[in-house]
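Just so it is clear, none of the values below were taken in a lab; they were calculated from the coordinates. As the structure is a prediction and not an experimental result, all values here were calculated from the model. For neighbour counting, all protein chains shown are included, and Cβ atoms are generated from backbone atoms with ideal geometry for every residue, glycine included.
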Amino acid sequence: MKFYPEQYKIPDVAMQPFIDDEEIWNYLNLAKPTKESVEAIVEKSLNKNRLSLAETAVLLQATDSAMIETIKKGARTLKEKVYGKRIVLFAPLYVGNYCSNNCRYCGFKASNKTALRKTLTKKELIENVQALEEHGQKRLILVFGEHTAYSAEFIADAVREVYNVKKDHGEIRRVNINAAPFDIEGFKTIHEAAIGTYQVFQETYHHETYAYCHPSGKKSDFDYRLTALDRAMEAGINDVGIGALFGLYDWRYEVLSLIRHVNHLEACYNVGPHTISFPRIQDALEYDLDDRYQVNDEEFTRLVAILRLSVPYTGLILTAREPENIRREVLAFGCSQIDAGTKLEIGAYSENPKVDQNLTKEQFKINDDRTLNEVIDELIESDYIPSFCTACYRKGRTGQHFMEFSVPGFIKKFCTPNALLTLAEYITDYATENTAIKGWKLIERNLLEMDDISYLEQVRERIERIKQGERDLYF
């Protein structure tokens, strides 16, 4: 049966599936981009208005080089308007890689008997967190395989343990989670541990592709995974993160489905996702897919720009899967968060485990293995403000409250001062001498750009307090 987007809409009901393959493709097939329509859509986004599915589809179908440049230019402008110059930094910490699923693209699949299976002990978890703190990390995302060993209670205990680890001036102020879906009671247990964002990626929103890529295990249930973040919201978790693994199916379909997911959460809970992730597929042991949907660099940079325009207020996460040159390019027009100093092997932050080299130690390959200080140094060179800020979470600016600040763009008033304060902490405690010199110059340049004199005086006063030994000062 043929239908048109304006005549067909799956009702958004909490806890109910909301993705229809035909609906998504109809939006894409009906989109007919022109120079004028692309410019008008970009202008709407620059006024910080969310784009509709039909409008996003027009951007996705634009292939003319001039239209693509309009999209990327708009994304660069919008990112500066909403987020300023700051880039939030974090590190992933793999806690355990036991898994009961058989995802065709993952080295940790249950059928992979050569994978080294390990769960960090309490002692090992503490040692790895201490090692991360010794380099200056303040924000972590804990990653768990989907296995009965990693219950809601186990994850909650790990979160509490991480928060308790203090090393000199080091501490973790924000613990996010990437783990399996739970029922509402499970999510409540994890929520009580004061987690930050809970991420569940659908991987692919295309039903047939999903079934092929996930032939067995609990993850094979498309609808249970799709509604996972509904259950998280019902359990009181304000900040959730969605994502797709690009390379499994047509990238345009996946982008539009991510926006459909945003719409669903907004319709049911009056708040969209806190973050969107868009990793590209990387080689893994026993990788079992063809490459017809591989996303090239030009398509990847374009899809990031389109996501930025479609959801102006949502954080976009760029991972170390991407090489330095791609990370450098898309930072300019889309991303607000990146990982740095990343190690994916279990326990690798505190040691270099001597294991059989024939055993799989990591889930996939990373393409940016620079240290945290090297990444920070490049960000400063590029006039970005490296940020470890967690102020919004401690001040209650989360969920719907975060949107009330961020949608109109007011969040920039808090982000820049807080980013400068966390950078001052990093420079004082961890930076190399060369990075410190450049970092203090960057801070001074940004202070001179502040229009609010009272804020300027407060930031200067707090920076002096940081130099004298105080920590965790924020607005």
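Run down the lysines and flag those whose C-alpha is under 17 Å from the C-alpha of residue 218, throwing out any fewer than 8 positions away in its chain.
109
Note the full-extension length gain between residue 467 and residue 216 as 0.36 nm times their separation in residues minus their Cα-Cα distance, in nm to one decimal.
Going from the current span to full extension adds 84.9 nm.
Only loop residues by DSSP count here, and only those with at most 15 other Cβ atoms within 10 Å; note down the GluC sites (Glu not before Pro) in the range 187-254 that meet that. Provide the component values of the computation, followed by the final result.
Numbers: sites: 192, 203, 208, 234, 254; in loops: 192.
Sparse-neighbourhood loop GluC sites (Glu not before Pro): 192.
When the Karplus curve 6.51 cos²θ - 1.76 cosθ + 1.60 is applied with θ = phi - 60°, which whole-Hz ³J(HN,Hα) does each residue of the range 325-339 get, with x for Gly and Pro?
Per-residue couplings from phi come out as 5, 6, 4, 4, 5, 7, 4, 6, 9, x, 8, 10, 9, 9, 8 Hz.
If you stretched the chain out fully between residue 111 and residue 20, how much longer would it get, using 0.36 nm times the residue separation minus the C-alpha to C-alpha distance?
Additional length available on full extension: 29.7 nm.
Rank by packing, highest mean first: peptides 325-335, 132-142, with packing defined as the count of other Cβ atoms within 10 Å averaged across residues.
Packing order, densest peptide first, comes out as 132-142, 325-335.
Under 20 Å from the Cα of residue 48, which aspartates and glutamates turn up, not counting those fewer than eight places away in the same chain?
36, 39, 69, 80, 266, 404
Can you give the local net charge around residue 60? Use residues other than it whose beta-carbon is closer than 11 angstrom to its beta-carbon, Lys and Arg +1, Asp and Glu -1. Don't skip to the end; give the middle numbers.
Values: positive: 252, 302; negative: 55, 250, 254, 299.
That sum, taken over residues with Cβ under 11 Å, equals -2.
Once the Cα gyration tensor of the chain is found, what semi-axes does its equivalent ellipsoid get, as square roots of 5 times the eigenvalues, in whole Å, sorted largest first?
Gyration-tensor ellipsoid for the chain: 33, 29, 21 Å.
How charged is the neighbourhood of residue 16? Take every other residue with its Cβ under 11 Å from the Cβ of residue 16, and add Lys/Arg as +1 and Asp/Glu as -1.
For residues surrounding residue 16, the net value is -3.
For the range 408-467, state the semi-axes of the equivalent ellipsoid (square roots of 5 times the eigenvalues of the alpha-carbon gyration tensor), sorted largest first and rounded to whole angstrom. Please report the intermediate quantities before stating the final value.
Details: eigenvalues 87, 27, 23 Å².
Result for the range 408-467: semi-axes of 21, 12, 11 Å.
Quick one: which residues, 5 or more positions from residue 86 or on another chain, have an amide H under 5 Å from its amide H? H modelled 1.01 Å from N in the peptide plane, none for Pro or chain starts.
385
Let me see the pair-distance distribution of the range 1-85: every alpha carbon pair, 10 Å bin width, integer percents in order.
Taking every Cα pair in the range 1-85, the percentages come to 16, 40, 30, 14, 1.
Sticking with the crude label model, points 7 Å out along Cα→Cβ, report the distance from residue 288 to residue 383 in nm, one decimal please.
About 5.0 nm separates the two model spin labels.
Ranked by Cβ crowding within 10 angstrom, fewest neighbours first, how are 239, 250 ordered?
If I rank by nearby Cβ atoms, fewest first, I get 250, 239.
Under a plain spin-label model, where a point goes 7 Å from the Cα along Cα-to-Cβ, how far apart in nm are residue 451 and residue 64?
Distance between label points: 3.5 nm.
If the reach is capped at under 17 angstrom between alpha carbons, list the lysines near residue 35, excluding any in the same chain fewer than eight residues apart.
Qualifying lysines at Cα under 17 Å: 44, 72, 73.
Under a plain spin-label model, where a point goes 7 Å from the Cα along Cα-to-Cβ, how far apart in nm are residue 394 and residue 185?
It works out to 3.5 nm between the two label points.
Taking only DSSP H segments of four or more residues, each worth -39500 (n - 2.57), what value at 222 nm results for the chain once the sum is divided by all its residues, to the nearest 500 deg cm²/dmol?
Estimated from H runs of four or more residues: -14000 deg cm²/dmol.
Please sort 167-177, 340-350 by packing, taking for each peptide the average over its residues of neighbouring beta carbons within 10 angstrom, highest first.
In decreasing order of mean packing, 167-177, 340-350 become 340-350, 167-177.
List the Cys residues of the chain that have no partner Cys with a C-beta closer than 4.7 Å.
That list is 99, 213, 268, 335, 389, 392, 415.
Can you give the FRET efficiency for residue 151 and residue 121, using 1/(1 + (r/R0)^6), R0 = 22 Å, r = Cβ-Cβ distance, to the nearest 0.05? Before the final figure, lay out the partial values.
On the way: r = 16 Å, r/R0 = 0.75.
Between residue 151 and residue 121 the formula returns 0.85.
Count charges around residue 145 for me, please; just the other residues with Cβ under 11 Å from its Cβ, Lys/Arg as +1, Asp/Glu as -1.
Details: positive: 109, 117, 118, 219; negative: 146.
Every neighbour counted, the sum reads +3.
Report the antiparallel proportion of the DSSP beta bridges in the chain as a percent, rounded to a multiple of 5.
10 percent
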